[in-house]
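The block underneath contains the structure these notes are about, expressed in structure tokens.
The values are calculated or read from the model by the stated rules, or taken from the named source; none is laboratory data. From a predicted model like this one, the values you see are computed outputs, not experimental measurements. So basically every Cβ, Gly included, is an ideal-geometry build from the backbone, and we count neighbours across all protein chains shown. Heavy atoms of the whole protein, side chains included, go into the accessibility calculation; ligands, DNA and RNA do not. Shrake-Rupley method; radii C 1.70, N 1.55, O 1.52, S 1.80 Å.
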Amino acid sequence: MAAGTRRPSAASALLGVVGLSAIAGLLASVALVPGLAVASVAASNATDIFENLPSYVAQATTPPQQNRIMAISGTKDDGTPKYTQIATVYFQNRIAIPESEVTDLIKHATLAAEDVRFYQHGAVDPQGILRALVANVGGGDLQGASTLTQQLVKNLCITDKVTEYPEASQEAEKNKAIREDCQDPSIDRKLKEMKSAIGLEKSLSKDEILLAYLNIAGFGGNVYGIESAAERYYSTTTDKLTVAQAASLVGIVQSPGERSLDNPAHYEANQARRDHIIRVMADQGWITTAERDEALATPVDDDSVHLAPATNGCIVANQYARQFCDYITRSVKDFTSLGDSVEERQANWKIGGYTVYTTLDLRLNKTAQGILRQWAPIKETQFKLGASLVSIEPGTGRILAMAQNKKFDNRDKADGGGGPGTSAINFNTDFAYGGSSGFQPGSGYKLFTLLNWLEQGHGLNEIVDVTRVSTPQADFTDSCNGPYTAGSYSPRNDSNESGYYSVRDAMAQSINGGFVQMALQLDLCETRRIALALGMHRAALLPKDRAYTDMDEATDLQALSTIPASILGVDEVAPMTLAAAYATIAANGTFCEPIAVDKFERAGQELPGQAQDCTVAAVDPEVAAAAASAMQTGASRYAGNPHDGTPLIAKTGTTNSSKQTWLTMGSTKLMTTIWYGNISGNFPIRSYCRLGCGGQQRHPMMKAYLTVADKMYGGDAFPEAPERLLKGINVKVGDYVGMSPEDAKAAIESLGMVYSEEDDTVASAEPAGTIGKQLPPEGSSLSKGQKIRVFISDGSKSTVPDLLSTPTDEGAADAAITAAGLVPVSVCRATPTQVIDPATGQPNDPNLPTEGRVVDVSTAAGTVLTKGKTVTITVAHAAC
């Protein structure tokens, strides 16, 4: 260590004498017979100090380097992806240079600063120790005795022990403590340092040690290595440094907290150290007198320092990919190509040097981000508005787009972070990968009830009663957590639909009542099993492995709810999780875990990316085809469909009070989920107007996105649904009108249907107390297990009798009308009537009516009238 500036106290000077003398004695032993040196140390310390070199010493020739993250920006002529760099992420801002790029200027400045006799002595320098001892005891400036090799060992120690990226302000004190520990002046640490230095010089040449030092040394903050320092502080490269600049840079290393050039308060201390180094260089004959004078005349100030913008981390990544960059860095623990264990992967990422070729299509992300910020302003003041978009490639799980409205900023407030319109949270991912607790998917979760329905052999064309009713929770089957003994479930229909709908239409129109009726015929536990098989899990907790040995393993909080309300999506999930589940349908039933990396490169060697983790037939392909058929019906009706010829499936989702709104839409090539809602709070999205109102913003957003995406990715036709999953299990409804309630109930239940007698009676011509009306009518087809609603007749109506089919005289007509509870009124019509020939007994004209015959009735036969109403009959007479 070169000359410092602090005066030692008498006590410290004495300790220096003792300590340095002991070290000098050790060095002499080492120089002669290393084994004797071990013997001279107390037995309790011998093994600790000399047995093994610290593992970090091996990093001398492989210092931490930058990692580069790439995204797809186009396609080459040969069809392979074209990449562009979106981020530089490194544990330490380091650009390692080869030995050939170490200029004489840098070399001489370093030796002048640290060890002018570096090439004349070994790993430790007894002469230097004695010189420092004399200077320190004699009252001169405090002198050190570490060689450049020992300085390298210290820097390796610091690099190894700092385990967190020093981006946040709270890391400063931690890193300061680590530096002090690695520079502890104790004799024990000094002995270990010298032992490591000796080991280094046995394995590396002097030039290699100098190169390692230049690439590893810290230059303040997160700047490591001379090349990164030149770029950071002077916006240049080492081969273009001036004498003054080179001396200023190497002058930082001993005390970066006092001499780094990123703070004007450090300029004076840096210049003092720099000038000392310049003079030593001149004294050694490494620069001329003129060069010395010119360098000394250059001040260290704002004019001479040219700070380059920060380049490290996702905060300064490509503006269209910062959340995705953060997702990559949080996923390092999953990248098996980086090591066998999580610890090894993180350690290798820290060492760096990786080029990460991701799955992200930057063209899609740029489009998505622009749309999101157009429809969801980043500085909305009415409420905490969030919006995100994520696209998954069906059949592979590759993440093709990941964007949101808020700008990414993971800095602490003390460092200028957390400004308006920013967020450190990635809305698209789980808590462990971006800090989000997820959002309720609402009707987006209906897919899993539909899949369960189809797996049980039911069909899309089955008819269910969607009318809102209050259903006892005890009526639901839940083999996981049921039975439920209290309470009822009565979700309303969004558009107040009632009556009978096909399951296809219930899915397309997202009618809650239809799914309640479907769920009553299913096991809620099985619905959850299907959801788990498609990767569904709560965002705020670690996802469990989807291969359960039994369902008891899935009953903890990491799994999904099975209560009746779960039909409509009550568990908070990440948008990416939902997109991956829907991509399963587009991939003919194959579920793939989302992946973000296609390949890695390091030191010219290509490494595998994330392996595709897919489960073929996670859903039966025929069931997937039927589900796709239903969702194609929905997609055809949604305003988010660009109708560009690409076959699409889709499903919306809206939670209670429209706190969250969703739209998932996609093809066989690209599945996209848009979330638009409250980051926190409960503002009703349907009350928010932004380029439109009513909570429909998701549709024009999706349309604008797919207009671009479909041109790039397209999509194939979805498989046809099998007939059995269209027809399903339907029952033909009989005629129960006029039957007694007891007989009607027996007939309905014999078909496997549910007899439902309504509270209100109905005005009917049927006898009072019998069935006066039924819904649905005779001949309808209903899904088995559905309710057939019957209404009891109050007997207040009657049917007009048939008085014209057969000849009826006035008296008989009056009697028939009266018997029906109606009031007859007769009207005479003067008309020729039959005359009987006395001779033959035959009518003179059989086409004429007989005298007194009814020839017309005011109300058609079979008409139902309220009793007491009049029925007018017209009677033929020869004369009135």
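Could you please let me know if residue 312 is touching a residue at least 40 places away in the same chain (Cβ under 8 Å) and out of contact with any helix residue (DSSP H, G or I) (no Cβ under 8 Å at 6 or more places or on another chain)? Lay out the reasoning, then the answer.
Numbers: touching a residue at least 40 places away in the same chain (Cβ under 8 Å): yes; out of contact with any helix residue (DSSP H, G or I) (no Cβ under 8 Å at 6 or more places or on another chain): yes.
Spelling it out, residue 312 is indeed touching a residue at least 40 places away in the same chain (Cβ under 8 Å) and out of contact with any helix residue (DSSP H, G or I) (no Cβ under 8 Å at 6 or more places or on another chain).
Return the residue satisfying two criteria in turn: it lies in segment 740-793 and is of a type in the set (D, E, K, R) and assigned to a strand (DSSP E or B), and of such residues it is surrounded by the fewest Cβ atoms within 10 Å (Cβ to Cβ). Outline the logic, then answer.
Step one: filter segment 740-793 for residues of a type in the set (D, E, K, R), giving 742-743, 745, 749, 757-760, 766, 773, 778, 784, 787, 789.
Of the ones still in play, those that are also assigned to a strand (DSSP E or B) are 757, 773, 787, 789.
Details: 757: 13, 773: 18, 787: 19, 789: 17.
Restricting to residues being of a type in the set (D, E, K, R) and assigned to a strand (DSSP E or B), the top hit is 757.
Is it the case that some residue within segment 100-109 is among the hydrophobic types (A, V, I, L, M, F, W, C) and part of a loop (DSSP other than H, G, I, E, B)? Spell out the reasoning first.
So the first thing to find is which residues in segment 100-109 are among the hydrophobic types (A, V, I, L, M, F, W, C), and the list is 102, 105-106, 109.
In the following step, the residues that additionally are part of a loop (DSSP other than H, G, I, E, B) were identified as 102.
Yes, some residue in segment 100-109 is among the hydrophobic types (A, V, I, L, M, F, W, C) and part of a loop (DSSP other than H, G, I, E, B).
Considering only segment 192-301, give the helices (runs of 4 or more DSSP H) lying wholly within it that have at least 1 residues that are modelled with pLDDT of 95 or more and farther than 30 Å from residue 160 by Cβ.
Values: elements: 206-216, 226-234, 243-250, 256-259, 267-283, 289-296.
Answer list for segment 192-301: 243-250, 267-283, 289-296.
Take the residues in segment 418-462 that are touching a Ser or Thr at 6+ places or on another chain (Cβ under 7 Å) and among the hydrophobic types (A, V, I, L, M, F, W, C); name whichever of them is surrounded by the most Cβ atoms within 10 Å (Cβ to Cβ).
Applying the filter and picking the extreme gives 427.
Please enumerate the residues belonging to segment 107-144 that are over 18 Å from residue 283 (Cβ atoms) and modelled with pLDDT of 95 or more. Reasoning before the result, please.
We begin by selecting, within segment 107-144, every residue over 18 Å from residue 283 (Cβ atoms); these are 121-126, 129-130, 132-134, 136-139, 142, 144.
Correct list: empty.
Only one of these is of a type in the set (A, V, I, L, M), exposed (fewer than 12 other Cβ atoms within 10 Å of the Cβ) and free of Cβ contacts under 8 Å to residues at least 24 places away in the same chain: 815, 839. Name it.
Numbers: 815 fails: exposed (fewer than 12 other Cβ atoms within 10 Å of the Cβ).
Going through 815, 839 in turn, just one is of a type in the set (A, V, I, L, M), exposed (fewer than 12 other Cβ atoms within 10 Å of the Cβ) and free of Cβ contacts under 8 Å to residues at least 24 places away in the same chain: 839.
Which one of the conditions (1) small (Gly, Ala, Ser); (2) touching a Phe, Trp or Tyr at 6+ places or on another chain (Cβ under 7 Å); (3) free of Cβ contacts under 8 Å to residues at least 12 places away in the same chain does residue 337 fail to meet, given that it meets all the rest?
(3)
Specify the residue that is surrounded by the most Cβ atoms within 10 Å (Cβ to Cβ); the eligible residues are those in segment 359-396 that are more than 12 Å from residue 672 (Cα to Cα), among the small types (Gly, Ala, Ser) and under 17 Å from the mean Cα position of the chain (by Cα).
Among those that are more than 12 Å from residue 672 (Cα to Cα), among the small types (Gly, Ala, Ser) and under 17 Å from the mean Cα position of the chain (by Cα), it is 387.
How many of the residues in segment 716-739 are in a loop (DSSP other than H, G, I, E, B), in contact (Cβ under 8 Å) with a residue 40 or more places away in the chain, at negative phi and within 37 Å of the chain's Cα centre (by Cα)?
7
Which of the residues belonging to segment 354-401 are touching a helix residue (DSSP H, G or I) at 6+ places or on another chain (Cβ under 6 Å) and within 27 Å of residue 65 (Cβ to Cβ)?
Scanning segment 354-401 gives a single hit, 360.
Could you please let me know if residue 479 is under 21 Å from residue 571 (Cβ atoms), in contact with an Asp or Glu (Cβ under 7 Å, 6 or more places away or on another chain) and open to solvent by 30 Å² or more (accessible area, probe 1.4 Å)?
Numbers: under 21 Å from residue 571 (Cβ atoms): yes; in contact with an Asp or Glu (Cβ under 7 Å, 6 or more places away or on another chain): yes; open to solvent by 30 Å² or more (accessible area, probe 1.4 Å): yes.
Criteria met by residue 479.
Is it fair to say residue 577 is among the hydroxyl-bearing types (Ser, Thr, Tyr) and over 20 Å from the mean Cα position of the chain (by Cα)? Lay out the reasoning, then the answer.
Working: among the hydroxyl-bearing types (Ser, Thr, Tyr): yes; over 20 Å from the mean Cα position of the chain (by Cα): no.
No; evaluated as a whole, the condition is false for this residue.
Report, by residue number, each residue of segment 562-599 that is open to solvent by 10 Å² or more (accessible area, probe 1.4 Å) and assigned to a loop (DSSP other than H, G, I, E, B).
Those that are open to solvent by 10 Å² or more (accessible area, probe 1.4 Å) and assigned to a loop (DSSP other than H, G, I, E, B): 563, 570, 571, 572, 587, 588, 590, 593, 594.
Across segment 338-353, which residue is most open to solvent (accessible area, probe 1.4 Å) among those that are in contact with a helix residue (DSSP H, G or I) (Cβ under 8 Å, 6 or more places away or on another chain) and closer than 19 Å to residue 161 by Cα? Show your work before the answer.
Taking segment 338-353 as the starting set, the residues that turn out to be in contact with a helix residue (DSSP H, G or I) (Cβ under 8 Å, 6 or more places away or on another chain) are 338-339, 342, 344-346, 348-349, 351.
Retained after the next criterion (residues that are closer than 19 Å to residue 161 by Cα): 342, 344-346, 348-349, 351.
Working: 342: 58, 344: 78, 345: 31, 346: 97, 348: 34, 349: 11, 351: 41 Å².
Checked segment 338-353; the qualifying residue most open to solvent (accessible area, probe 1.4 Å) is 346.
With a cut-off of at least 1 residues that are surrounded by 20 or more Cβ atoms within 10 Å (Cβ to Cβ), name the strands (runs of 3 or more DSSP E) lying wholly within segment 600-708.
On the way: elements: 605-608, 649-654, 660-666, 671-678.
By residue number, 649-654, 660-666, 671-678.
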